[in-house]
Amino acid sequence: MKPNLKLSNAFDDLAPSSTLHINETVNAMWAKGQTVYHMGFGESRFAVHPKLQQSLTQHADKKSYLPARGLPELCTAVAEYYTHKLDCTFNASQVIVAPGSKAIIYGLQMVLDADVFLPTPSWVSYYPQAHLLGKSCRYIPSDPALNYRFDMNAFDTLVQASNNACKLLIINSPNNPTGQMYDADFLQELASYCREHGIWVLSDEIYFQVSHGQLPHVSIAQFYPEGTFVLGGLSKHLSIGGWRLGVGLMPDTDLGKAIMQKLVVLASEVWSGVCAPVQYAAIQAYQRDPKIEKYVADCCALHRIRTQFFYAQLQEIGIRCTLPAGGFYVTANFDSFAEGLTKLGIKCSQALAQHLLQNYGIATLPGKDFGIPAENYSLRLSTSYLDLEMPEDADRLMTLYHNETQASVIMNNKNHPNMHAAIAAFSAFTDTLLDTLK
Ligand SMILES: Cc1ncc(COP(=O)(O)O)c(C=O)c1O
């Protein structure tokens with residue numbers, strides 16, 4: 001007799017994370033020799049800073065289990081770093097370290113018996129995590145024509161409709177997938193609203209070191225310290241997502257302490273701790289070492305130059321998109337081509353993403369994965385991989401930047417052949433859509 005199988009229905013309707021899935025799909029297509037412009041996956045491709053490599057090597061002998069909340073010296077370094085960077089006050093007891101901020105986001109959703117609210121669009125994993133935990137999770141609607149701006153009235157309507165006294169809003173600035181950032185005025189208004197209604201805010205600030213400079217990064221923790229969880233980690237600004245180290249900063253209140261206690265229970269029962277050599281090496285990452293700060297600024301400048309160029313090119317060929325203020329993503333909307341898309345039998349954002357992959361070798365993610373209604377023809381396009389497919393590509397680009405090469409030269413066809421080819425492929429696609437109308 002076969003073992004009896006009963007699968008948990010927590011997994012109903014869930015597939016592996018679409019970002020990781022598209023990455024595997026593209027790798028398989030590349031392995032077959034197919035040309036694919038990989039805009040499906042957001043991963044900063046620059047080399048690991050030599051000081052961090054050295055620090056990791058030096059600590060390869062660290063083999064013991066560490067405290068579940070994280071190495072005390074690391075928690076202290078993280079608290080000092082965030083106090084300085086976010087203009088807030090944090091102490092080491094507020095900090096938890098985990099295998100990626102993803103684990104802390106899940107942990108917080110598990111600890112709080114809360115209804116969850118997500119602005120549209122939102123990063124791909126928040127909703128599936130809420131779903132795994134059986135939570136009520138509601139998307140706050142937004143309008144592509146208004147650059148998907150957060151709608152406070154729509155949020156209020158959802159809040160009023162929720163019967164759960166405990167509520168959790170997850171915000172993300174700079175935002176994945178739109179690159180938008182919240183300004184101080186909006187965050188102040190949001191903080192007052194959340195304070196008035198007793199709503200917790202999980203503020204995912206993992207891209208705060210990758211802002212493009214149009215707006216200063218401001219944390220809502222400045223205005224609402226007692227109700228905000230700040231999330232971050234090493235993955236984006238230091239290009240070391242594979243090291244799997246994320247950090248969370250809880251409010252410095254009795255409630256914050258109670259939540260931290262539960263998170264530590266979860267950490268101790270599920271992951272025990274982040275790999276010890278990585279935690280020791282990460283202390284270096286939080287020292288505000290001038291050389292590492294310069295590296296972060298250089299990587300950020302290149303993400304900005306590449307992403308802003310890509311945005312401008314899409315605009316030029318008539319594809320509407322949100323102007324990114326940070327990160328390495330653009331959300332593009334094809335609703336103005338709806339008639340042509342319908343004629344090709346493309347009825348939703350997944351079909352659009354499929355069509356572009358199969359016919360133009362353009363890998364993207366459908367807006368639906370970010371909570372944008374499927375009938376909106378929206379796609380998330382990541383700029384982080386194009387022309388940085390191999391480690392030597394990233395080194396070459398960094399050298400160009402260090403030689404003070406102008407942005408227009410950095411972005412020319414010779415230095416960015418794949419980005420130019422991807423734009424040409426988009427242009428061929430929109431031409432076809434217009435042709436169908438003739
Ligand atoms: C908005 C956002 N939050 C959190 C994460 C998770 O990052 P990590 O688990 O590597 O800390 C990601 C990764 O792509 C992200 O884009």
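The values are calculated or read from the model by the stated rules, or taken from the named source; none is laboratory data. Model, not experiment: these values are computed from the prediction. Neighbour counts are summed over all protein chains in view; Cβ atoms, including those assigned to glycine, are modelled from backbone coordinates with ideal geometry.
Exactly one of these conditions fails for ILE171: (1) without any contact (Cβ under 8 Å) to a residue 24 or more places away in the chain; (2) in contact with a helix residue (DSSP H, G or I) (Cβ under 8 Å, 6 or more places away or on another chain). Give me its number.
So ILE171 meets the others, but not (1).
Can you name the residue in segment 20-48 that is in contact with an Asp or Glu (Cβ under 9 Å, 6 or more places away or on another chain) and in a loop (DSSP other than H, G, I, E, B) and is also surrounded by the most Cβ atoms within 10 Å (Cβ to Cβ) among such residues?
Among those residues, the one meeting the criterion is PHE46.
Can you list the helices (runs of 4 or more DSSP H) lying wholly within segment 328-420 that have 2 or more residues being assigned by TED's automatic domain parsing to the domain that holds GLN129 and buried (at least 19 other Cβ atoms within 10 Å of the Cβ)?
Answer list for segment 328-420: none.
Among the residues in segment 244-261, are any modelled with pLDDT of 95 or more, within 16 Å of the ligand (Cβ to nearest atom) and part of a loop (DSSP other than H, G, I, E, B)?
For segment 244-261, residues modelled with pLDDT of 95 or more, within 16 Å of the ligand (Cβ to nearest atom) and part of a loop (DSSP other than H, G, I, E, B): present.
Do we have LEU238 as surrounded by fewer than 23 Cβ atoms within 10 Å (Cβ to Cβ), touching a residue at least 12 places away in the same chain (Cβ under 8 Å), in contact with a helix residue (DSSP H, G or I) (Cβ under 7 Å, 6 or more places away or on another chain) and not in a helix (DSSP H, G or I) here?
Considered against the rule, which asks whether it is surrounded by fewer than 23 Cβ atoms within 10 Å (Cβ to Cβ), touching a residue at least 12 places away in the same chain (Cβ under 8 Å), in contact with a helix residue (DSSP H, G or I) (Cβ under 7 Å, 6 or more places away or on another chain) and not in a helix (DSSP H, G or I), LEU238 comes out as yes.
For the condition surrounded by 24 or more Cβ atoms within 10 Å (Cβ to Cβ) and not aromatic (Phe, Trp, Tyr), what is the one hit in LEU158, LEU215, LEU169, LEU190?
None of the other options fit; the residue is LEU169.
Please work out which one of (1) within 16 Å of the ligand (Cβ to nearest atom); (2) part of a helix (DSSP H, G or I); (3) free of Cβ contacts under 8 Å to residues at least 40 places away in the same chain; (4) closer than 30 Å to PHE309 by Cα is the condition GLN209 fails and give its number.
(3)
ASP12 - would you say it is more than 16 Å from the ligand (Cβ to nearest atom) and on the phi > 0 side of the Ramachandran plot?
So ASP12 does not fit the description; no.
Which one of TYR286, TYR280 is of a type outside the set (Gly, Ala, Ser), away from the ligand (no atom under 13 Å from the Cβ) and touching a His at 6+ places or on another chain (Cβ under 6 Å)?
It is TYR280.
Could you tell me which numbered condition VAL124 fails, if it satisfies all but one of (1) away from the ligand (no atom under 16 Å from the Cβ); (2) in a loop (DSSP other than H, G, I, E, B)?
(1)
Here is a list: CYS166, CYS194. Which entry is more than 28 Å from VAL296 (Cα to Cα) and under 24 Å from the mean Cα position of the chain (by Cα)?
CYS194
Quick one: how many residues across segment 70-110 are within 16 Å of the ligand (Cβ to nearest atom) and in a helix (DSSP H, G or I)?
14
Which one of the conditions (1) in contact with a helix residue (DSSP H, G or I) (Cβ under 6 Å, 6 or more places away or on another chain); (2) at pLDDT 95 or above; (3) not hydroxyl-bearing (Ser, Thr, Tyr) does PRO141 fail to meet, given that it meets all the rest?
Every condition holds for PRO141 apart from (2).
Every residue in segment 266-303 that is among the charged types (D, E, K, R) and in a loop (DSSP other than H, G, I, E, B), please.
Across segment 266-303, the qualifying residues are ARG288, ASP289.
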